[in-house]
Amino acid sequence: MGAAADEFLHKLAAPLKSEEGSILVLTADGKGVPLVKSDAQNLRAFEEKAVRPGNRRISTVCSVYSVDRNDRTAEDVVAGLFRVDKPNSELRPDRPISQHKHLMAKLPGQIQDLGDEIVRGSILALSLAAREVRQRRKENQLLVRLMDGQHSLWSDADACLSDCSSGNVIDILDIVHVTGYIGKAAKVLVRGEEAQEEFIRERLLRILKGDVHSVVRGLRRMATVQKLSKEKRADVDAACSYFTAHANRMKYGEYLAAGLPIATGVIEGACRHLVKDRLERTGMRWSASGAQAMLSLRCLKASNVWDAFQQQFLNPSLLRA
């Protein structure tokens with residue numbers, strides 16, 4: 001069934017264009033899967049520096065969906081992230097709903113016609129996502145590529161979507177990861193939880209209004225004036241390097257004015273319920289083939305095409321027809 005699910009994902013038909021939102025979004029992220037030792041040894045770990053070394057191998061989860069534009073201000077975003085007084089759903093009751101959210105997830109593996117060479121799961125997953133983008137994208141429709149700062153994801157997206165990346169494409173860095181980096185810097189620059197939260201809010205608001213470079217200069221100046229130790233300075237430098245490297249994807253003032261999404265909640269949630277909640281239970285170790293089969297099946301379920309797949313799987317004549 002897992003093999004059939006994988007084939008079904010490769011041939012998934014595009015939804016009706018009349019049911020799509022005005023913007024097409026491609027988003028991706030990685031999540032580790034614990035494998036049995038023998039299979040882990042056969043699959044190369046592509047990370048430059050493993051955060052959790054051992055028998056985990058990174059599965060790449062991608063999603064393609066459409067959504068209508070959503071007008072909001074920098075203040076709205078900050079309020080939503082910090083849940084001021086009310087939950088986010090009450091803050092933005094008219095928030096547009098994602099349409100036809102299709103998911104695909106791949107562990108490292110082989111590409112047909114390339115022999116025994118093992119390639120990153122991001123290449124495999126983004127190749128599927130690129131196929132769907134080509135199928136679903138309307139003429140001159142805006143494509144938003146929304147991810148965190150992992151360089152390999154962006155380079156693999158460029159490679160897989162080379163024919164889709166020119167004209168009317170906007171790359172956006174996930175604002176939640178940006179907030180996390182500001183938070184780490186705040187912990188070494190400011191004392192007290194209330195002061196730290198105010199520090200994060202103020203810097204985040206400035207970044208959302210397009211003031212990235214002055215925030216970077218300010219963080220570096222504070223670290224120098226306070227004469228932070230090398231260990232503490234590392235958190236500030238990490239934030240500054242992250243912002244500098246991705247400044248061209250942090251034009252949030254323009255993105256918000258255009259009603260574009262700036263957070264990867266869709267893919268973060270998918271990584272949790274698709275991978276973690278099923279494949280990372282206590283004591284679990286998977287074969288690579290078993291893990292991939294489970295990922296493919298759960299992608300079908302999460303993409304709301306489970307019933308169509310079951311009809312085809314139980315009635316092979318439908319496939320031949």
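Here are some notes:
- Failed condition for Ser98, given (1) at pLDDT 90 or above; (2) over 17 Å from the mean Cα position of the chain (by Cα); (3) surrounded by fewer than 18 Cβ atoms within 10 Å (Cβ to Cβ); (4) of a type in the set (Gly, Ala, Ser): (2)
- Qualifying positions in segment 188-204 - of a type in the set (A, V, I, L, M) and either assigned by TED's automatic domain parsing to the domain that holds Asp76 or surrounded by 15 or more Cβ atoms within 10 Å (Cβ to Cβ) (or both): Val188, Leu189, Val190, Ile200, Leu204
- Complete set of residues in segment 108-125 that are out of contact with any Phe, Trp or Tyr (no Cβ under 9 Å at 6 or more places or on another chain) and at pLDDT 90 or above: Ile123, Leu124, Ala125
- Any hit, segment 235-243, residues being farther than 30 Å from Val64 by Cα, touching a Leu at 6+ places or on another chain (Cβ under 8 Å) and among the β-branched types (Val, Ile, Thr): yes
- Taking segment 113-222 as the region of interest, the helices (runs of 4 or more DSSP H) fully inside it that hold 3 or more residues being touching a strand residue (DSSP E or B) at 6+ places or on another chain (Cβ under 8 Å) and in contact (Cβ under 8 Å) with a residue 60 or more places away in the chain are 121-136.
- Residues (in a helix (DSSP H, G or I) and under 21 Å from the mean Cα position of the chain (by Cα)) located in segment 7-37: Leu9, His10
- Subset of segment 60-83 [part of a loop (DSSP other than H, G, I, E, B) and either surrounded by 13 or more Cβ atoms within 10 Å (Cβ to Cβ) or touching a residue at least 40 places away in the same chain (Cβ under 8 Å) (or both)]: Asp68, Arg69, Asn70, Asp71, Arg72, Thr73
- Taking the conditions (1) under 18 Å from Asp71 (Cα atoms); (2) touching a Phe, Trp or Tyr at 6+ places or on another chain (Cβ under 6 Å); (3) of a type in the set (Val, Ile, Thr) in turn, Val216 satisfies each one other than (1).
- Among all residues of segment 231-250, there is at least one that is within 30 Å of Ala125 (Cα to Cα), basic (Lys, Arg) and surrounded by 17 or more Cβ atoms within 10 Å (Cβ to Cβ).
- Selection status of Leu297, of a type outside the set (Gly, Ala, Ser), in the same structural domain as Ser98 (by TED's automatic domain parsing) and touching a Cys at 6+ places or on another chain (Cβ under 9 Å): no
- Lone qualifier among Leu173, Leu189 - being farther than 24 Å from Ser22 by Cβ and modelled with pLDDT of 95 or more: Leu189
- Condition check for Ala293: aliphatic (A, V, I, L, M) and touching a residue at least 24 places away in the same chain (Cβ under 8 Å): yes
The values are calculated or read from the model by the stated rules, or taken from the named source; none is laboratory data. All values derive from a computational prediction rather than experimental measurement. As a convention, Cβ positions derive from the backbone with ideal geometry for all residues, glycine included, and neighbour counts pool all protein chains shown.
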